[in-house]
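Single-structure report; data block below.
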Amino acid sequence: MTYSEQIKARYGRALMGNYGQPPVALREGAGSTVTDVDGNAYLDMIGGIAVSSLGHNHPALVEAVSTQAARIAHTSNLFFHEKEVELAEKLLELWGNPGRVFLCNSGTEANEAALKLAILHGNATGKAKIVATEHGFHGRTLGALSITGKAAIREPFGPFAREVVFVPYGDADALKAAVDADTAAVFLEPTQGETGVVPSPPGYLTAARELTASAGALLILDEIQSGFGRTGAWFAHHAEGVVPDAVTLAKGLGGGIPIGAVLASEATAALFTPGTHGSTFGGNPIACAASLAVIDTIEREHLFDSVLALGAHLEAVLLADPRITEVRGQALWRGIALAEPVAAETVKHLLGLGVLANAPRPDTIRIAPPLTISQTELDAFCAKLVEALDAVTPAPGGRP
Ligand SMILES: *Cc1c(COP(=O)(O)O)cnc(C)c1O
């Protein structure tokens, strides 16, 4: 038995089965490369699912985390510290709207907080209904799960306490039919990530903003996956110029250190008064220091310029292959749609070729690599994807 087989067997005995058995145990990383316990190297095209925005072992992140750990690692919210103030101010500056910030530890927690704001808003205005989208994903805790539009993961845990109405994603008319005087809030992702990187059509967020504003409902945008550089901007909704009542963040926000945040308008944020919400670890000093290092590095290295250029290059290269029908999304956050439903098989083959990717649905491969990836690495990915496709689906007309 190799060491990797041994540790796999131990994983299977010691950890619960909710993830199934992951294929490899990773030990370390540098830049866009990770190495498993047997010393095999992989090009990381999934970045811990849109999390490791600076890649692995980035000196700025290592320095920020180690310095903060050596100073003070935790204060609780009985006390406060400088890094949370600095981070909250910086997030509001990047958002560009007046408001306030709540800090937590994950995406689902950010949505829980946003749901509590929606409920308080509904209580104050006599509105009960929450509107969310089919195939949307907002997290695994019971509140966030109740607004998640994937029946297979939601239904085993229902019924839920709140009325949630699901509408087809990207359909402004369906949204219009659902949003009424009883609607407290609408939850939307600017692009649905877990469904295979499916962007909303132009004008959808604007329509959602107009509908919610006239109904007196909150518009809450889940930018947990789309935010923080994935689309080549801090916030995907900036592209449409809409101002939501609240936006939730996590994933790339900490570059690999767990952190989540809710940014809300002054009026929405004012619904939280002392005692209405809290978190022991929320706004943890190490997590805040990590997030500040991510922001500083993205700014200093002008990473948005490079990810937009690299994304355009990637799209052009991949679309030249007839087995790839569409390259959805923006920058370095892509749903690569295949003519055949062989995404899972292709991803498995890519692993054997030393590439980590993911198949969120049968016909789509998702990539969300570090924002620091080089063009050479991207080109290597494209070549290996073609090689994997050759193995699982021969090119039409026959490839030699
Ligand atoms: C990942 C994700 C979440 C949940 O975040 P966790 O940190 O896993 O709780 C929520 N919404 C979206 C859009 C996500 O991609």
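Please treat every number below as a calculation from the coordinates, not as lab data. No experiment lies behind these values; they were computed from the predicted model shown. Note that we place each Cβ from the backbone using ideal geometry, even for glycine, and neighbour counts take in every protein chain shown.
Round to the nearest 10 and give me the degree value, 0 to 90, for the angle of helix 59-71's Cα axis relative to the longest principal axis of the chain.
Tilt relative to the chain: about 50 degrees.
Select from Ala25, Ala289, Ala343 the residue whose mean-square fluctuation is largest in a Gaussian network model of the chain (Cα-Cα springs shorter than 10 Å).
The residue that fluctuates most here is Ala25.
Using a Gaussian network model on the chain with a 10 Å cutoff between Cα atoms, which of Phe166, Phe272, Phe102 fluctuates the most?
In the Gaussian network model the winner is Phe272.
Assuming R0 = 22 Å, can you tell me the calculated FRET efficiency for the pair Asn77 and Thr276, based on Cβ-Cβ distance, to the nearest 0.05?
Values: r = 13 Å, r/R0 = 0.58.
With R0 = 22 Å, the Cβ-Cβ based efficiency is 0.95.
If I take every Cα pair under 8 Å that is 6 or more residues apart in region 60-300, average their sequence separation and divide by the length, what percent do I get for the relative contact order? Please list the in-between numbers first.
Details: 470 pairs, mean separation 71.7, N = 241.
Computed value for region 60-300: 30 percent relative contact order.
Taking the dipole about the Cα centre of the chain, with the C-beta of Lys and Arg at +1 and of Asp and Glu at -1, give me whichever of Pro285, Gly170, Pro274 is farthest to the positive side.
So the residue furthest toward the plus end is Pro274.
For His56, which sequence-distant residues (separation of 5 or more, or a different chain) have an amide H within less than 5 Å of its own amide H, given hydrogens modelled in the peptide plane?
Close amide H contacts, sequence-distant or interchain: Ala30, Gly31, Ser32, Thr33.
Between Leu142 and His313, how high is the FRET efficiency from 1/(1 + (r/R0)^6) when r is the Cβ-Cβ distance and R₀ = 35 Å? Nearest 0.05.
Using R0 = 35 Å, I get an efficiency of 0.25.
In degrees from 0 to 90, rounded to the nearest 10, what is the angle of the helix 107-125 Cα long axis to the longest principal axis of the chain?
Tilt of helix 107-125: around 20 degrees.
Can you put Asp363, Asp173 in order of Cβ neighbours within 10 angstrom, beginning with the fewest?
Asp173, Asp363
State the Cα centre-to-centre distance between region 236-289 and region 86-107 in whole Å.
What the calculation gives is 6 Å, centre to centre.
Within the set Lys90/Lys129; Lys90/Lys176; Lys8/Lys251; Lys90/Lys251, which residue pairs have Cα atoms separated by over 23 Å?
Lys90/Lys129; Lys90/Lys176; Lys8/Lys251
Which value, in debye to the nearest 20, describes the size of the charge dipole of the chain about its Cα centre when Lys and Arg Cβ atoms bear +1, Asp and Glu Cβ atoms bear -1, and nothing else is charged?
Charge dipole, the chain, about its Cα centre: 840 debye, nearest 20.
Considering only region 111-200, what is the antiparallel percent among its DSSP beta bridges, to the nearest 5?
On the way: 2 of 9 bridges.
Here the share of antiparallel DSSP bridges comes out near 20 percent.
Nearest 5 percent is fine: what portion of the DSSP beta bridges confined to the chain is antiparallel? Kindly include the intermediate steps, with their values, before the conclusion.
Details: 31 of 47 bridges.
If we restrict to bridges inside the chain, about 65 percent are antiparallel.
Rounded to a whole number of µm²/s, how large is the Stokes-Einstein D of region 12-80 at 37 °C and 0.692 mPa s, given Rh as the Kirkwood radius over C-alpha pairs?
The Stokes-Einstein estimate is 222 µm²/s.
Anyone know which of Gln192, Gln225, Gln21 comes out most mobile in the 10 Å Cα GNM of the chain?
Gln21
Just to confirm my numbers, what's the Cα centroid distance between region 320-390 and region 164-196 in Å?
After rounding, the separation between the Cα centres reads 29 Å.
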